[in-house]
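In what follows, a single structure is set out as C-alpha cells and then discussed.
Any read-out appearing in this document is the output of simple, stated calculations on the displayed coordinates, not a laboratory observation. This structure is a prediction, so every number in the text was calculated from the model and none was measured. FYI the Cβ positions are ideal-geometry reconstructions off the backbone, even for glycines, and counts take in every protein chain you see.
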Amino acid sequence: MGANYSDLVERSPKSSQILLTFHSTAKWKAYFDASKQKNKLMIIDFTATRCVPCKYMKPVIREFATKYTDVEFIKLDVDELLEVAQAFQVQAMPTFILIKKGKVVEKVLINQSDARHKNLVIDKNL
C-alpha cells in the first residue's frame with residue numbers, strides 16, 4: 001500500500017520493514033484514509049530537518065522498525081506538512097503518534113536516552 005502513496009520509501013538495514021516519508025499533504029491524507037481500514041499499528045514520527053534530537057532518534061527508529069515488523073513507521077517533517085502536524089497537535093519534536101484504525105491511541109515525546117524504554121509503549125498498543 002505504501003509504495004502507491006509515499007513520496008519516499010526507505011528500507012531499514014537488516015529488515016524488509018519500510019519507513020515511509022510523505023512530502024505532500026494530499027498523498028499523506030490518501031494514505032492515512034486508506035489505513036483506517038486496517039487494524040495495524042501505525043507510528044508517526046513527527047520530525048524536522050532543523051531538529052537535532054530528531055537526528056539522534058533516526059537509528060532508534062530504524063531499530064524499532066527492525067524489531068516491530070508488523071508496525072508501520074511513518075516519518076513526517078513538520079515544516080513540510082505543517083497542517084498535518086497541527087491536526088495532531090504536535091508542539092515539540094520529536095513527537096510520536098501511535099494510531100490504530102485512524103484513531104490516536106498514544107502520543108509520546110521521546111528523547112534518545114529514554115527511547116529504548118519506549119518499547120513498552122509499542123508493545124501495549126500492538
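Quick notes on this structure:
- Placed amide H near Glu106: partners under 5 Å, 5+ positions off or other chain: Leu98
- 3J(HN,Hα) along segment 21-36, derived from phi through the Karplus expression 6.51 cos²θ - 1.76 cosθ + 1.60 where θ = phi - 60°, amounts to 10, 10, 10, 9, 4, 5, 5, 4, 4, 4, 5, 4, 4, 5, 6, 5 Hz, with x in place of Gly and Pro.
- Amide H partners (placed H, <5 Å) of Lys75, local residues excluded: Leu20, Thr21, Phe22, Asp45
- Placing dummy labels 7 Å off each Cα toward the beta-carbon, the span from Gln37 to Leu82 is 3.4 nm.
- Subset of Lys29/Lys58; Lys27/Lys101; Lys55/Lys107; Lys55/Lys124; Lys29/Lys124; Lys40/Lys75 violating a 21 Å alpha-carbon distance limit: Lys29/Lys58; Lys55/Lys124; Lys29/Lys124
- Phi to ³J(HN,Hα) by Karplus 6.51 cos²θ - 1.76 cosθ + 1.60 over segment 89-94, Hz, x for Gly, Pro: 6, 7, 10, 8, 10, x
- The calculated FRET efficiency for the pair Glu106 and Lys27, based on their C-beta separation and a Förster distance of 22 Å, comes to about 0.35.
- Projected label distance in nm at Leu126 and Thr69, using a 7 Å step from Cα toward the beta-carbon: 1.2
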